[in-house]
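J.: Questions regarding the structure given below will be posed in turn.
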Amino acid sequence: MHRFAYKGRELYCEDVPVRKIAAEVGTPFYLYSIGTFLDHYTKLKEAFQEIDPLICFSMKANSNLTVLKALVNQGSGLDIVSGGELFRAKKVGVDPSKVVFASVGKTEAEIEEAIRARILMFNVESVQELETINAIACRMRMPQKIAIRLNPDVAPDTHHYITTGTKANKFGLDLETAYKLFMESYRYPFLRFSGVHIHIGSQITKSKPFILAVRKALQFIDSVRFAGNPVEYLNIGGGLGIIYSKEKPQTARQFAEAILPVLRSSATRRGLKLILEPGRFISGNSGILVTKVIYVKKGKEKAFVIADAAMNDLIRPSFYGAYHEIVPVTRSGRTRSVLADLVGPICESGDFLAKERQIPEVVSGDLLAVMSCGAYGYVMSSNYNSRPRIPEVVVRGSRYFQARRRETREDLVRNETIVREVV
């Protein structure tokens, strides 16, 4: 599952003791196991090897350049959602023919930059976006492949903030509108209607919603192909769940065993290239957040363990009510446990990393690891309360490196100017 494990009393990341890294870089910090990232990518690739899919890692989950470069070097493509992510993708030397561009709000500047970079395709979310991409491609005299993102109206069992495939969500087009666009593709002479895209949500642990959505997509492709519109690609998005607590998500092999028969049974299967956009599945359990206990405040009902990491470093618990396992970096041998909230220094009641947890008794200076922080951790962090963002450290085998340095206070004000005329 991941390469974080105890050796004796000490928590290791691959072959490096976490305490050793903390002593050098200070706390808090994110710590990534590159081996785990590559393990998860390889498992997915091998599970679907009979159809040789294009796997595009979803950069919104983790956009660290070292992580991206390691995946790209193994053959991964990238799923991007902004011009900034395209910039990062180019920095790591990804083959542009392995880049897909999602997002409901692509700007004209982002579209032009992506066309110029010769990405594989855009996942189109609206009629107006389609018209804009066509106009820009026409002006540039550069035909562009697109996929229409369908909204299949499938509701997976996940948090409503990360459900994306129902009619109540902003994503994709209903089947009727999408079909009409394919039938009127001649109106967009600089676009190639090459694919169909679906993505129904994130942290989905069961295969049934995926199967239902894929069947709807295949039926749609059959209908537009019957009408004479060639479709090369089916992009089934990402969304595979991971273990945070007691979840029992499907493995890559189980997912493939559920999806491949659906593809084989469809007339659409012939000549259809599959695209996957995993994010959390590859990155979620590949990283941890390491934090130090500052104080232990004992209340009448429970204790408050006050750490140096906060909601600005990891927003998921405050934002989603997300659960992350909390473990000691060094097992102390203390036998008592306490009912406690693990909180940070930020002046918000919502500043917590864990609530109502039975955790081993800790004292000031102890190090704690917040597990499963490789996805939607650093990428969602901020400078709230004027807190510098924390470093990202990567481990490969017995070696570790700072892949992103800790911000300084000077970094906080680097782009600001005191306007003398108003003060």
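J.: So what is the 222 nm mean residue ellipticity for the chain from helices alone, if each DSSP H run of at least 4 adds -39500 (n - 2.57) and you divide by all residues, rounding to the nearest 500 deg cm²/dmol?
T.: So the helix-based figure for the chain works out to -8000 deg cm²/dmol.
J.: Work out the charge dipole of segment 63-278 with +1 on the Cβ of Lys and Arg and -1 on the Cβ of Asp and Glu about the Cα centre, then indicate which of ALA89, ALA256, VAL127 is farthest towards its positive end.
T.: Of ALA89, ALA256, VAL127, it is ALA256.
J.: Can you work out ³J(HN,Hα) from phi for every residue in segment 406-418, in order, using Karplus 6.51 cos²θ - 1.76 cosθ + 1.60 and θ = phi - 60°, giving whole Hz and x for Gly and Pro?
T.: Each residue of segment 406-418 in turn: 5, 5, 9, 5, 5, 4, 4, 10, 4, 9, 9, 9, 7 Hz.
J.: Another question about this same structure. Give the cross-link partners of LYS91 among the lysines, using a straight C-alpha distance below 17 Å as the criterion and excluding same-chain residues fewer than 8 apart.
T.: In chain and number order, the partners are LYS60, LYS69.
J.: A follow-up question, please. Suppose every Lys and Arg Cβ carries +1 and every Asp and Glu Cβ carries -1, with no other charges. What dipole size does segment 63-278 come out with about its Cα centre, to the nearest 20 debye?
T.: Charge dipole of segment 63-278: 560 debye, to the nearest 20.
J.: Please find the FRET efficiency linking ARG215 to GLU176, where r is the Cβ-Cβ separation and R0 is fixed at 22 Å, and quote it to the nearest 0.05.
T.: The pair ARG215/GLU176 has a calculated efficiency of 0.80.
J.: Work out the length of the dipole vector of the chain about its Cα centre, built from +1 on the beta-carbon of each Lys and Arg and -1 on the beta-carbon of each Asp and Glu, and round it to the nearest 20 debye.
T.: Charge dipole, the chain, about its Cα centre: 760 debye, nearest 20.
J.: What angle, in degrees between 0 and 90 and rounded to the nearest 10, separates the Cα long axis of helix 252-264 from the longest principal axis of the Cα atoms of the chain?
T.: Helix 252-264 sits roughly 10 degrees off the main axis of the chain.
J.: Follow-up question, since we're still on this one. Just to be sure I follow the rule: in segment 263-421, considering lysines 8 or more places apart or on different chains, how many pairs have Cα atoms under 29 Å apart?
T.: Close lysine pairs under the 29 Å cut-off: 7.
J.: Given (i) 1.05; (ii) 0.93; (iii) 1.64, which label gives Cα Rg over 2.2 N^0.38 Å as computed from the coordinates?
T.: (i)
J.: Here is a follow-up. Report the FRET efficiency, 1/(1 + (r/R0)^6), for LYS206 and LEU260, where r is their Cβ-Cβ distance and R0 is 22 Å, rounded to 0.05.
T.: Given R0 = 22 Å and the Cβ-Cβ separation, E is 0.85.
J.: List PHE87, PHE122 from most exposed to least, where exposure is judged by having the fewest other Cβ atoms within 10 Å.
T.: In increasing order of surrounding Cβ atoms, one gets PHE87, PHE122.
J.: Continuing with the same structure: Which distance in nm do the two modelled labels at ARG331 and VAL104 give, with both placed 7 Å along the Cα-to-Cβ direction?
T.: About 4.7 nm separates the two model spin labels.
J.: Compute the angle between helix 208-226 and the longest alpha-carbon principal axis of the chain, please, reported from 0 to 90 degrees and rounded to the nearest 10.
T.: In the chain, helix 208-226 runs at an angle near 20 degrees to the longest axis.
J.: Same structure again: From the residues LEU339, ILE315, THR107, which one has its Cα farthest along the dipole of the chain in the positive direction, the dipole being from +1 and -1 charges on Cβ of Lys/Arg and Asp/Glu about the Cα centre?
T.: Towards the positive end, the residue furthest out is LEU339.
No value in this document is a laboratory result; all are computed from the given coordinates. Bear in mind that the values here come from a model prediction, so they are computed numbers and not experimental data. Glycine gets a Cβ as well: all are built from the backbone with ideal geometry, and neighbour counts include every protein chain shown.
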